[in-house]
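Worksheet: the structure to be examined is printed underneath.
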Amino acid sequence: MPEPIEVTNIKKNYNIRDYVFNAVQKQGSLLDFASQELKNDKEIVIAAINNNPEALEFASDKLKGDREVVFNSVSKVGWTYCYVKDNLLGDKELLLSGLKIDGQILYYASKEMRNDKDVVLEAVKNKGIIVKYASERLKEDKDIAIEALKQNKKCYEFLGENIKKDEDIKKMIE
């Protein structure tokens, strides 16, 4: 199958700023074919993400550490949190914005965030089974256990041993 014309053209013009800017506004994933310099151009990357939030994948490492850029993507699709650089892993608001869409991203969260009740509660509301990646302390939390079980009864196996003895929790899995 021949290469799409948009890809052929951006490969020819990968380092021409105006060309790349216009191209990614129409098809964000074309950022993949831009020069490294242009993948580091915040205006171009934001234009690409505005068109296709998944374009964060193709941004420079520097811009994957820029809160504005990352928030623009993660708050729309969630899963792109996996590209977040270390300097943003402690940003609770950023993580919560993604967890509202995709609870699975708790997997990529820092240890501190996996021990934050608000964060884990949001994650299990969206994907109960993700309680598996919560801190040991929060696997014993009744509120988290209830929300996780409401979403998916199979998460029972990942709850803490003490909370499994709770009568309300036992009733939820009967």
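Data table
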read-out: In Å, descending, principal axis extents of the Cα set of the chain; value: 65, 36, 18
read-out: Radius of gyration and Dmax over the Cα atoms of the stretch 90-174, both given in Å; value: 11.8, 38
read-out: Separation of the LYS171 and LYS153 label points, Cα + 7 Å toward Cβ, nm; value: 1.6
read-out: Cβ-based exposure ranking for VAL70, VAL119, VAL24, in which fewest neighbours within 10 Å come first; value: VAL119, VAL70, VAL24
read-out: Trypsin sites (Lys or Arg not before Pro) within the stretch 37-130: DSSP coil, no more than 16 neighbouring Cβ in 10 Å; value: LYS62, LYS85, LYS100
read-out: The chain: angle of helix 17-26 to the longest principal axis, Cα-based, in degrees nearest 10; value: 50
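Values quoted throughout were computed directly from the atomic coordinates according to the rules given, and no laboratory measurement underlies them. What you see is a predicted model; the values in this text were computed from it and never measured. Every residue, glycine as well, gets a Cβ built from its backbone with ideal geometry; the counts of neighbours run over all protein chains shown.
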